[in-house]
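Here the structure is laid out as structure tokens; the discussion comes afterwards.
The values are calculated or read from the model by the stated rules, or taken from the named source; none is laboratory data. These figures come from a predicted structure and were not determined experimentally. Counting neighbours? That spans all protein chains shown, and the Cβs are built from the backbone with ideal geometry, glycine included. Just the protein is used for accessible areas: all its heavy atoms, side chains included, with ligands, DNA and RNA removed. Shrake-Rupley method; radii C 1.70, N 1.55, O 1.52, S 1.80 Å.
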Amino acid sequence: MTEGAEAGAGRVVVGVDGSPSSQQALRWGAHLAVAFGAGLDAVTSWDFPAGYGWGSVPSDWDPAQDMRKVLDDTVQEVFGDQPPAGLRRLVNEGGAAQVLLDASQGAIMLVVGSRGHGGFAGLLLGSVSANVAEHATCPVLVIHGDQPPPN
């Protein structure tokens, strides 16, 4: 971990779910972390879907490991073999919005895509981005479209 990337100090937190929107959020988050001289936290979450009973979950299923792979694949897709120095990859159990709200406590900014893997076509904001925009204790940047950050 680099100096300034400790929990609560000089961090930009980005919500990642593997979607194109979260890939774009990660690009912008990395750009802002450099501009602010801050650490970068890429955060994903997992939770057992409501209605899942233990009998319907395979005994060898590891949702944390699955989401770790999604996070690693997204970082690879966005940065190739050169992820930003000091990038922290965090996989936490819980609903996406609450995990991001908890992770962004004391952060400089929280960056999320406007739409993730869930949701309905035509919505301007997904439920996670709307929730964190309303409840975060730090500024929230919701990324729309595919415009890359400036060089």
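A cut-off of 5 Å between modelled amide H atoms, ignoring neighbours fewer than 5 places along the same chain, links ASP47 with GLY94.
Label-to-label distance, ASN151 versus ALA130, with points set 7 angstrom from Cα along the beta-carbon direction: 3.9 nm. ASP60 sits with roughly 130 Å² accessible to a 1.4 Å probe, with DNA, RNA and ligands left out of the calculation.
Figure note: GLU77, GLU134 ranked by solvent-accessible area, largest first, 1.4 Å probe, ligands and nucleic acids not counted: GLU134, GLU77. For the pair VAL34 and ASP62, a Förster radius of 35 Å applied to the C-beta separation gives a FRET efficiency near 0.55, rounded to the nearest 0.05. For the pair GLN82 and THR137, the difference between a 0.36 nm per residue extended length and the Cα-Cα distance amounts to 16.7 nm.
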